[in-house]
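Inspection log for the structure reproduced underneath, given as structure tokens.
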Amino acid sequence: MEGVLPACVVSVLYDCLYDVASVALFATEPILMLFVSGNKTGVQMRAALEVAEVLPERLEAAVENLRENLSAQTGGSLSLEASPTSLNVAVRMCVPDVMQSGGGAP
């Protein structure tokens, strides 16, 4: 996908990445992988976090924040998988046609 993403889309992706990274900051031996892709209809970010150990409260808080961040937005979807030592997140956001070619006012 070429062009500029709308600020509202970038904000949601950033918030989701922040929630996952916040778990990594307080985990033992964290490994964080990030993949972002896009096409004409939207952008997708996948984040995978593997840790040796993390406080369950940190993981639960991140999962709740991820759900809240995306539920406040329209046109997005969220897939979450969590275990005591991993967090896998896939966020998909629709991108309005007007913004795909560079955005801004006509």
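Using the Cβ-Cβ distance between N39 and Y14 with R0 = 22 Å, the FRET efficiency computed as 1/(1 + (r/R0)^6) comes to roughly 0.60. Amide H contacts for V4 (H built 1.01 Å from N in the peptide plane; partners 5 or more residues away or on another chain; cut-off under 5 Å): G102, G103. Counting heavy atoms of the protein chains alone, E57 has an accessible area of about 120 Å² for a 1.4 Å probe. A quarter of the convex hull surface defined by the alpha-carbon atoms of the stretch 1-82 gives 5.4 nm² as the mean projection. Summed over the residues of the stretch 4-49 and divided among them, the accessible surface reaches 57 Å² per residue at a probe radius of 1.4 Å.
The values are calculated or read from the model by the stated rules, or taken from the named source; none is laboratory data. Here the structure is a predicted model, which means the values were calculated and not measured. A quick note on method: Cβ atoms are made from the backbone with ideal geometry, for glycine too, and the neighbour counts reach across all protein chains shown. Each accessible area value is taken on the protein alone, full model and side chains, heavy atoms only, with ligands, DNA and RNA left out. Shrake-Rupley method; radii C 1.70, N 1.55, O 1.52, S 1.80 Å.
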